[in-house]
Amino acid sequence: MHELGLARSILEIAEAYARREGARAIREIGLRVGALSGVEKEALEFAFEAAKQGTLAQQARLAVQWVPLVAYCEACKKEFEVASPFGIALCPVCKKPTATLEQGLELGVDYLEVE
Ligand SMILES: [Zn+2]
């Protein structure tokens with residue numbers, strides 16, 4: 001995952017929104033990042049700090065909500081959290097692998113606070 005490119009895209013979205021709203025500055029950017037999105041926390045925060053300089057988000061805080069990986073077993077009709085960072089999901093009840101991931105892949109802007 002290229003965190004700098006990601007940080008720039010986030011800032012682009014945020015600045016476009018702020019301009020449309022006639023805001024002077026962006027206060028906070030809320031992100032939803034899935035466990036399987038491949039984003040590294042430290043790398044993203046570092047990239048964001050660097051990329052936000054000179055933008056409307058210069059003083060903005062990045063609030064990242066990390067979404068755990070959740071899979072669904074068709075056989076048991078059960079949702080369960082996947083501990084494996086590689087997304088290998090074994091149902092804890094029937095021990096069968098499942099490919100149905102309910103959440104954990106998301107990556108996007110959740111909310112924006114401007115002033
Ligand atoms: Zn099962």
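Of all residues in the range 94-115, those satisfying the criterion of being out of contact with any strand residue (DSSP E or B) (no Cβ under 6 Å at 6 or more places or on another chain) and open to solvent by 70 Å² or more (accessible area, probe 1.4 Å) are K95, K96, A99.
Of the candidates E21, E28, the single residue that is of a type in the set (D, E, K, R) and farther than 14 Å from V109 by Cα is E21. Looking only at residues of the range 87-114 that are free of Cβ contacts under 8 Å to residues at least 40 places away in the same chain and of a type in the set (S, T, Y), we find that the one that is nearest to R24 (Cα to Cα) is T100.
Pairs meeting the criteria (first residue in the range 17-38 and crowded, with 16+ Cβ neighbours inside 10 Å, second residue aromatic (F, W, Y) and in a strand (DSSP E or B), beta carbons under 6 Å, at least 6 apart or on different chains) are V33/W66. Do we have L105 as more than 14 Å from the ligand (Cβ to nearest atom), under 30 Å from R20 (Cβ atoms) and either at pLDDT below 95 or small (G, A, S) (or both) here? Yes, satisfied. Picking from residues in the range 41-73 that are surrounded by 12 or more Cβ atoms within 10 Å (Cβ to Cβ) and of a type in the set (D, E, K, R), the one that is nearest to the ligand (Cβ to nearest atom) is E45.
Away from the ligand (no atom under 16 Å from the Cβ) and either out of contact with any helix residue (DSSP H, G or I) (no Cβ under 8 Å at 6 or more places or on another chain) or under 14 Å from L6 (Cβ atoms) (or both) - does that describe any residue in the range 86-100? Yes: the range 86-100 contains one or more residues that are away from the ligand (no atom under 16 Å from the Cβ) and either out of contact with any helix residue (DSSP H, G or I) (no Cβ under 8 Å at 6 or more places or on another chain) or under 14 Å from L6 (Cβ atoms) (or both). The criterion of at least 2 residues that are hydrophobic (A, V, I, L, M, F, W, C) is met, among strands (runs of 3 or more DSSP E) falling completely within the range 17-81, by 26-34, 61-67, 70-73. If you go through the range 74-83 and keep only what is more than 10 Å from the ligand (Cβ to nearest atom) and open to solvent by 50 Å² or more (accessible area, probe 1.4 Å), you end up with E79, E81, A83.
The values are calculated or read from the model by the stated rules, or taken from the named source; none is laboratory data. Just so it is clear, the model here is predicted, and its values are computed rather than measured. Using ideal geometry, Cβ is built from the backbone for each residue, glycine included, and neighbour counts are taken over all protein chains shown. The accessibility values were calculated without ligands, DNA or RNA, using every heavy atom of the protein model including side chains. Shrake-Rupley method; radii C 1.70, N 1.55, O 1.52, S 1.80 Å.
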